[in-house]
Structures are given as C-alpha cells and as structure tokens.
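Derivation of every value follows stated rules applied to the coordinates shown; laboratory data play no part. Keep in mind it's a predicted model, so treat the numbers as computed, not measured. We place every Cβ from the backbone using ideal geometry, glycine too, and count neighbours over all the protein chains shown.
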Amino acid sequence: MIRSLRIKVTTTGGAAVATGNATSRHIDGRLLAVVLYPHASLPATSDTTVTLRNPNNDADVETLATFTNLNAITKRYPRKEVDDGAGTSLAAANKTNVFTEFALSGQVKVAVAQADALTDAVTVDIIYDGEEIG
C-alpha cells in the first residue's frame, strides 16, 4: 500500500548555523519519493539530509536523500545502484548502471544544518510502499 509519512524538524541556534533533527517511527517498505517543504524563512544556505536508521543501535545506515543549499519545495525519487552479494555493481551489458528503490526497515531521520532557528524549519514527506510499525 502506498503511504506517506510526514517528519517535521524544528531548528535551534543562531542565524545560518541553527541545527535540528527528528526521527520517524519504524517503517518497512520501498522508498518511492522524498518531498521537502521548507519554512518560508529558511535560508538558502540550509542543508537537509534524510537517512535510514538502524533499529538496533540508532546509527545512520544509509543516506536516502540530500538537499544542499536548498530552501524551495523539492521532490526527489532516490534510487540506489544494484550490486551483487559481494558489493560489485551489476552494470548492464551496455555499461549502464542498474538502479532500484531503497529497501526501508527502520526509522527515517531528517537532519537540518546551516538554518535559522525556526519551528518546523522543514517538513519532509516520505512516500513509500509498505507498512508503518508502531
């Protein structure tokens, strides 16, 4: 089932150096899209990073999307390169790399840096095919 998970991040700190992060509940599925909705006052220096967290130790496992120096509504369709069990690229015969959706199993974290102190500095929608646990 196609689902949407909204994550809002409030930032604290000084002008152009404020930071903040927020983490979702556990979700399982395939990542289809990431949509960034910045606060109207978010500076153009702001960086937003979306990562998948390990459910066992809260470490970042994989970067799903990055929005660098961006303060405009933006939709991304992140994909990752397919590899074999040893981590070697499965490039097609014509040397074109093969990409697939990210497999999600864990929490999604949104981190913001180089922002101003803002309530709901960014809102990120995670569009995925799967289930939300908890």
Worksheet item: Is it the case that residue 71 is polar (S, T, N, Q), out of contact with any Asp or Glu (no Cβ under 8 Å at 6 or more places or on another chain), at negative phi and assigned to a loop (DSSP other than H, G, I, E, B)?
Response: yes
Worksheet item: So which residues in the stretch 74-94 are surrounded by fewer than 13 Cβ atoms within 10 Å (Cβ to Cβ) and more than 16 Å from the chain's Cα centre (by Cα)?
Response: 81, 84, 85, 86, 87, 88, 89, 90, 92, 93, 94
Practice prompt. Name the single residue, out of those in the stretch 112-134 being closer than 15 Å to residue 50 by Cβ and surrounded by fewer than 19 Cβ atoms within 10 Å (Cβ to Cβ), that is nearest to the chain's Cα centre (by Cα).
Written response: 125
Item to complete: Test residue 2 against the stated conditions and say whether it is touching a Leu at 6+ places or on another chain (Cβ under 8 Å) and not polar (S, T, N, Q).
Response: yes
Worksheet entry | Filtered residue count, the stretch 6-36, keeping only those that are over 30 Å from residue 56 (Cβ atoms) and surrounded by 16 or more Cβ atoms within 10 Å (Cβ to Cβ) | 1
Worksheet item: Which members of the stretch 18-64 meet the condition of being in contact with a Gly (Cβ under 7 Å, 6 or more places away or on another chain) and assigned to a loop (DSSP other than H, G, I, E, B)?
Response: 25, 26, 54, 55
Worksheet item: Among the candidates 31, 36, 70, which residue alone is of a type outside the set (Val, Ile, Thr) and touching a Leu at 6+ places or on another chain (Cβ under 6 Å)?
Response: 31
Worksheet item: How many of the residues making up the stretch 53-101 are of a type outside the set (A, V, I, L, M) and under 30 Å from residue 40 (Cβ atoms)?
Response: 13
Fill in: Matching option when the condition is exposed (fewer than 12 other Cβ atoms within 10 Å of the Cβ) and over 19 Å from residue 127 (Cα atoms), among 97, 71, 57
57
